[in-house]
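Reading through the structure tokens given below for one structure.
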Amino acid sequence: MNTIARMLRSASITTLRLYNRLSVSIAEPIPDRPVLFVANHGFGGIVDLNVFAFAAAYNEMGIDRSLITLTHQIAWTLHAERLIEPFGARPANKDTALKAFAEGSNVLVFPGGDVDALKAWSNRNDIVFSGRTGFARLALEAQVPVVPVVTAGAGESLLVIAGGKRLAKATRVDKLLRLKALPLSVSIPWGVNLGLVGLLPYFPLPTKLELDPVSRTVRVGCSGHV
């Protein structure tokens with residue numbers, strides 16, 4: 001991570017602690033070996049409070065290992081890679097993760113992806129993985145522990161009226177941008193908008209964020225149970 005990226009990361013964490021009153025609860029130590037962090041989304045996109053909250057928690061964990069964050073392909077489709085790669089973002093696929101583990105890095109994944117990130121206000125406290133279990137297969141293949149991470153509060157940083165799954169399919173956004181949702185939301189400064197928030201930054205409301213980076217460390221064995 002270059003100097004500018006470090007400064008921006010530090011500033012974002014400080015802002016999150018003050019503005020969003022972030023509280024972090026670490027239940028147990030992180031294993032001293034590469035691990036797979038499995039996290040939920042609050043509201044995803046250019047401004048993803050859960051990602052910033054995890055960065056703050058990672059500092060508190062005192063981990064020296066580098067962290068690779070598996071990120072939706074849309075970031076590269078929109079040519080935003082120069083903005084996010086200095087922070088450890090890489091395209092979300094198995095090869096990326098296996099390479100990171102081989103290099104001794106930890107990996108962070110959000111299995112719910114855009115479905116979890118762009119869910120409606122009524123589901124803001126739900127964790128929506130939509131049956132996606134690739135993270136478990138990844139952990140089995142790499143033989144690394146799974147560390148669950150739960151963040152609450154990020155879904156209240158704006159009002160998402162509807163997730164727009166049907167609309168994403170009808171407009172073929174699911175094919176063109178690999179987005180399974182096209183949310184109708186109310187945010188600052190965009191007001192009522194369709195699909196803008198997530199692709200463009202918004203000003204989040206001062207919701208309180210609570211993050212538990214280690215509710216339990218799950219070791220994935222040959223039996224296939226997680």
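What to note about this one:
- Summed over the stretch 91-123, the residues that are of a type in the set (S, T, N, Q) and touching a Lys or Arg at 6+ places or on another chain (Cβ under 7 Å) give a count of 3.
- Restricting attention to the stretch 162-199, the residues being under 20 Å from ASN40 (Cα atoms), open to solvent by 20 Å² or more (accessible area, probe 1.4 Å) and in a strand (DSSP E or B) number 1.
- Screening GLU28 on (1) closer than 12 Å to THR151 by Cβ; (2) in contact with a strand residue (DSSP E or B) (Cβ under 6 Å, 6 or more places away or on another chain) shows it passes everything except condition (1).
- Of the listed requirements (1) surrounded by 14 or more Cβ atoms within 10 Å (Cβ to Cβ); (2) under 22 Å from SER130 (Cβ atoms); (3) not aromatic (Phe, Trp, Tyr), THR77 misses just one: (1).
- Tally, over the stretch 26-50, of residues that are more than 30 Å from LEU159 (Cβ to Cβ), open to solvent by 10 Å² or more (accessible area, probe 1.4 Å) and part of a loop (DSSP other than H, G, I, E, B): 8
- Flag for ASP95 being among the acidic types (Asp, Glu), assigned to a loop (DSSP other than H, G, I, E, B) and at pLDDT 85 or above: no
- Options SER105, SER66; residue that is touching a residue at least 60 places away in the same chain (Cβ under 8 Å) and surrounded by fewer than 21 Cβ atoms within 10 Å (Cβ to Cβ): SER105
- Some residue of the stretch 53-61 being in contact with a helix residue (DSSP H, G or I) (Cβ under 8 Å, 6 or more places away or on another chain), in contact (Cβ under 8 Å) with a residue 60 or more places away in the chain, open to solvent by 20 Å² or more (accessible area, probe 1.4 Å) and not charged (D, E, K, R): no
The values are calculated or read from the model by the stated rules, or taken from the named source; none is laboratory data. None of the values given here were measured: they were computed from a predicted structure. Cβ atoms come from the backbone with ideal geometry, glycine included; neighbour counts cover every protein chain shown. For accessibility, only protein heavy atoms count, side chains too; no ligands or nucleic acids. Shrake-Rupley method; radii C 1.70, N 1.55, O 1.52, S 1.80 Å.
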